[in-house]
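Visitor: Handing you a structure now.
The values are calculated or read from the model by the stated rules, or taken from the named source; none is laboratory data. Remember, it's a predicted structure, so these values are computed and weren't measured experimentally. Positions of Cβ are backbone-derived with ideal geometry, glycine not excepted, and every protein chain shown enters the neighbour counts.
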Amino acid sequence: MARRLPLFATAARGTEALLGDELTELGAARVRLDRGGVRFLANLDEALRIALWSRIAMRLLWPLAEGEARGADGLYALAHQVPWEEHLGRDTTFAVEATLRDSEHRHSGFVALKSRTQWSTGSAPGSAAGPTSTPAIRISGSSGTWRERIFPSPWTWWERR
């Protein structure tokens, strides 16, 4: 059996239980309801099946690192936990998405900028065509999680409107 990855599917508030049932039916393992979505394990085939057939999941995210994110130093330390060279190539363009909730950080642009400055992959900061990758950091209180979006892909047409 292929290696299963820890994934997170986002959902509208109040639909987490329905999403959990749906993910189980689609082959996900160790399904656990969480605020705003569902944590689960799936291999690549199962993740693609979920991305294709789920009616409830809004996004499929792959957590890359979790930890404390207090102050700018905490943001830097959390960004250094991610093996960026495995996720961003030399020609990758990227845009950081930052989501804050009950955090000491008040401006998502600051969080995105400070996190971005820690990458030493030589990645290009952006292009006219838009980013080819959109790593996201979510900070709730003092805890932060870096995630890479699996679905929908960052270059999907409906997000470019």
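Visitor: Yes or no: the stretch 72-80 includes at least one residue that is aromatic (Phe, Trp, Tyr) and in contact with a Leu (Cβ under 8 Å, 6 or more places away or on another chain).
Guide: no
Visitor: Right, another one. When residues of the stretch 1-30 are filtered for being touching a strand residue (DSSP E or B) at 6+ places or on another chain (Cβ under 7 Å) and either without any contact (Cβ under 8 Å) to a residue 12 or more places away in the chain or crowded, with 18+ Cβ neighbours inside 10 Å (or both), how many remain?
Guide: 12
Visitor: Taking Pro152 as meeting all but one of (1) over 18 Å from Met58 (Cα atoms); (2) modelled with pLDDT under 75, write down the number of the exception.
Guide: The failed condition is (1).
Visitor: Moving on. Take the stretch 94-111 and flag every residue that is surrounded by fewer than 18 Cβ atoms within 10 Å (Cβ to Cβ) and either at pLDDT below 75 or not basic (Lys, Arg) (or both).
Guide: Those that are surrounded by fewer than 18 Cβ atoms within 10 Å (Cβ to Cβ) and either at pLDDT below 75 or not basic (Lys, Arg) (or both): Ala95, Glu97, Thr99, Asp102, Glu104, His107, Ser108, Gly109, Phe110.
Visitor: Being of a type outside the set (Asp, Glu) and either assigned to a loop (DSSP other than H, G, I, E, B) or in contact (Cβ under 8 Å) with a residue 24 or more places away in the chain (or both) narrows it down to one of Leu75, Leu33, so name that one.
Guide: Just one listed residue meets the conditions, Leu75.
Visitor: Give the residue, chosen from Leu48, Leu61, Leu75, that is at pLDDT below 95 and loosely packed, with under 15 Cβ neighbours inside 10 Å.
Guide: Result of the check over Leu48, Leu61, Leu75: Leu48.
Visitor: Would you confirm, using the coordinates I've provided, whether Ala98 is in contact with a helix residue (DSSP H, G or I) (Cβ under 8 Å, 6 or more places away or on another chain), outside the structural domain of Gly144 (by TED's automatic domain parsing), in a strand (DSSP E or B) and closer than 17 Å to Thr134 by Cβ?
Guide: It is false that Ala98 is in contact with a helix residue (DSSP H, G or I) (Cβ under 8 Å, 6 or more places away or on another chain), outside the structural domain of Gly144 (by TED's automatic domain parsing), in a strand (DSSP E or B) and closer than 17 Å to Thr134 by Cβ.
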